[in-house]
Amino acid sequence: MDDAIHSDTARLARLITRQGQKRPLAPIWAAQAGIGPGMVVLDIGAGIGALTLHYATMIGPDGLVFALEPDDQSRTHLLAAAKQAGLPVLGLPYPAAALDQLARAPDRVMLTDTLHHADDPAMMLTAIRRVMPAPSRLFIAEYDPTGPGLLGAKMPQRMAPARVLALLDQTGFRPGTMQAAPDEHYCLTATCA
């Protein structure tokens, strides 16, 4: 039992360190997504909250962040940090069915470094599209397969921008401008077509 607790603690420490390195991206991505006070944000693949907590700070007490995270340990850590800081964050387990349980429709959906992990990216985007009202916006950031491969996802896991654009078209989204982003990323916003 002690070995399992030590292993879980060490794993969480590694996640905190690794995902904490993304913290400087939070204000950049929040600005590009247009996150503001009072909004409802859906953060898919929230991890330990390195980005989520920044979004919650930006939306303030009248907003809400739904943090969708499959890993129980990461989600527990995130929710404890949000509670301690008094931030409006509600944690959800990962299955796409959790999206249908949202109490409020999102104004912004943040899908950062997550799409390449999906077993079925089209199914994930279809589930997101189903809960997004027409004026809301989807923000996607992925690791660029033309980058040097020094940071982030391994090269075989990276999704080419053309593939993301095709998936968006297939699932009923209208992509906006795509641009290069820090740490070997590219990002884009999309709206419901």
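Bear in mind that the values in this text are calculations on the coordinates, not laboratory data. Since we're looking at a predicted model, the values are computed, not measured. Because the Cβ atoms are built from the backbone with ideal geometry, glycine has one as well, and the counts that use them run over all protein chains shown.
Quick notes
- Failed condition for T146, given (1) of a type in the set (V, I, T); (2) part of a loop (DSSP other than H, G, I, E, B); (3) more than 23 Å from H185 (Cβ to Cβ): (3)
- Counting only strands (runs of 3 or more DSSP E) that sit wholly inside region 20-111, those with at least 3 residues that are farther than 23 Å from A134 by Cβ are 89-92.
- All told, P156 falls short of being without any contact (Cβ under 8 Å) to a residue 24 or more places away in the chain, buried (at least 17 other Cβ atoms within 10 Å of the Cβ) and out of contact with any Phe, Trp or Tyr (no Cβ under 7 Å at 6 or more places or on another chain).
- Qualifying residue in region 138-152 (condition: touching a strand residue (DSSP E or B) at 6+ places or on another chain (Cβ under 6 Å) and surrounded by fewer than 19 Cβ atoms within 10 Å (Cβ to Cβ)): no
- For T191, the stated conditions hold: it is part of a strand (DSSP E or B), within 17 Å of the chain's Cα centre (by Cα) and surrounded by fewer than 20 Cβ atoms within 10 Å (Cβ to Cβ).
- Take the conditions (1) within 12 Å of Q19 (Cβ to Cβ); (2) crowded, with 19+ Cβ neighbours inside 10 Å; L68 misses just one of them, which is (1).
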